[in-house]
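Below is one structure, written out as structure tokens; comments come after it.
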Amino acid sequence: MERNNLWAPWRIKYIKGLTEKHECFLCHNVNNPAQDCENLVLWRTKSAFVLFNRFPYNNGHLMVAPNKHIPDFEGLDENELLEITKLIVVCQKALKLAVNPHGFNVGMNFGRCAGAGVPGHLHVHIVPRWDGDTNFMEVCSNTDVISQGMRELYDQLKEIGEKHNLPGI
């Protein structure tokens with residue numbers, strides 16, 4: 001039986017990065033606000049920020065992270081916890097306006113063994129979902145189909161954020 005290959009050469013940077021020692025990219029984003037557009041950081045608040053996942057599970061896959069480099073919620077105070085929760089709501093509101101998903105997966109992984117790609121820096125995933133988006137590609141080839149470019153959606157969400165005063169915390 002002939003096998004077909006689906007090339008995803010951009011993923012090698014992520015794969016190599018799992019074993020290389022390097023600066024936490026979330027901390028890099030905290031410390032370099034002038035690079036927000038390049039790093040796909042959408043919004044910042046006093047204690048946290050929202051950015052695109054560069055290796056998304058679905059179109060519009062966002063992440064919310066605290067400015068602090070901490071592995072879990074224990075290092076956050078009540079105001080920081082509230083701010084992160086409010087940013088999750090903001091992300092869902094903006095994504096509803098931009099791409100009209102039918103639902104969301106919101107989740108966290110604590111520790112490498114639990115699936116955390118950045119185990120030392122807490123972050124929350126917000127993944128928009130649509131009825132039928134688990135299509136034959138996922139079932140047959142363990143492949144996700146991303147239907148819109150990140151830069152296009154980034155620009156759209158930035159515009160929605162300005163129009164609706166988001167994050168507005």
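Inspect all residues belonging to the stretch 69-83 and state whether any of them is surrounded by 19 or more Cβ atoms within 10 Å (Cβ to Cβ) and of a type in the set (A, V, I, L, M, F, W, C).
At the first step, the residues of the stretch 69-83 found to be surrounded by 19 or more Cβ atoms within 10 Å (Cβ to Cβ) are 80, 83.
Imposing the further condition that a residue be of a type in the set (A, V, I, L, M, F, W, C) reduces the set to none.
Looking for residues that are surrounded by 19 or more Cβ atoms within 10 Å (Cβ to Cβ) and of a type in the set (A, V, I, L, M, F, W, C), one finds none in the stretch 69-83, hence no.
Only one of (1) surrounded by 13 or more Cβ atoms within 10 Å (Cβ to Cβ); (2) modelled with pLDDT of 95 or more; (3) in a loop (DSSP other than H, G, I, E, B) fails for Val50. Which number is that?
(3)
Only one of these is under 16 Å from His123 (Cβ atoms) and of a type in the set (D, E, K, R): Asp77, Asp36, Asp72. Name it.
Details: Asp77 fails: under 16 Å from His123 (Cβ atoms); Asp36 fails: under 16 Å from His123 (Cβ atoms).
So the residue among Asp77, Asp36, Asp72 that is under 16 Å from His123 (Cβ atoms) and of a type in the set (D, E, K, R) is Asp72.
Considering only residues that are among the charged types (D, E, K, R) and either under 14 Å from Lys163 (Cβ atoms) or at pLDDT below 95 (or both), look in the stretch 84-104 and name the one that is surrounded by the most Cβ atoms within 10 Å (Cβ to Cβ).
Start the filter on the stretch 84-104 by keeping residues that are among the charged types (D, E, K, R), which leaves 86, 93, 96.
Now narrow it down to the ones that are either under 14 Å from Lys163 (Cβ atoms) or at pLDDT below 95 (or both): 93, 96.
On the way: Lys93: 16, Lys96: 13.
The extreme case among them is Lys93.
Return the pair list, or none, for Cβ contacts closer than 7 Å from residues in the stretch 150-168 that are assigned to a helix (DSSP H, G or I) and surrounded by 12 or more Cβ atoms within 10 Å (Cβ to Cβ) to residues that are of a type outside the set (A, V, I, L, M, F, W, C) and at pLDDT 90 or above, at least 6 apart or on different chains.
Leu153/Gly60
So, in the stretch 113-153, exactly how many residues are of a type outside the set (A, V, I, L, M, F, W, C), at pLDDT below 90 and closer than 30 Å to Asp77 by Cβ? Let's see the steps before the verdict.
Narrowing the stretch 113-153 to residues of a type outside the set (A, V, I, L, M, F, W, C): 115, 117, 119-121, 123, 125, 128-129, 131-135, 138, 141-144, 147-149, 151-152.
Applying the additional criterion that residues be at pLDDT below 90 yields 115, 117, 119-120, 131-135, 138, 141-144, 147-149, 151-152.
This time we only want the ones that are closer than 30 Å to Asp77 by Cβ, so: 115, 117, 119-120.
Total meeting the criteria: 4.
Within the stretch 53-74, how many residues are at pLDDT 95 or above and either of a type in the set (S, T, N, Q) or part of a helix (DSSP H, G or I) (or both)?
Here the count works out to 1.
Six or more apart or on different chains, Cβ under 9 Å: which pairs go from a residue in the stretch 101-112 that's closer than 16 Å to Ile70 by Cβ and of a type in the set (S, T, N, Q) to one that's modelled with pLDDT of 95 or more and not in a loop (DSSP other than H, G, I, E, B)? Could you list them?
As it stands, the answer is Asn109/His125, since those pairs meet every condition given.
Just the residues that are among the aliphatic types (A, V, I, L, M) and over 18 Å from Val50 (Cα atoms), please, taken from the stretch 93-130. Steps first, answer last, please.
If we filter the stretch 93-130 for residues that are among the aliphatic types (A, V, I, L, M), which is where we start, we get 94-95, 97-99, 106, 108, 114, 116, 118, 122, 124, 126-127.
If the condition is that a residue be among the aliphatic types (A, V, I, L, M) and over 18 Å from Val50 (Cα atoms), then Ala114 is the only one that fits.
Which residues, counting only those in the stretch 75-118, are in a loop (DSSP other than H, G, I, E, B) and among the hydrophobic types (A, V, I, L, M, F, W, C)?
Just the residues of the stretch 75-118 that are in a loop (DSSP other than H, G, I, E, B), to begin with: 76-77, 100-102, 108-111, 115-118.
Across the stretch 75-118, the qualifying residues are Leu76, Met108, Phe110, Ala116, Val118.
The values are calculated or read from the model by the stated rules, or taken from the named source; none is laboratory data. Quick caveat: nothing in here was measured; it's all calculated off a predicted structure. Neighbour counts run over all protein chains shown; Cβ positions are idealised from the backbone, glycine included.
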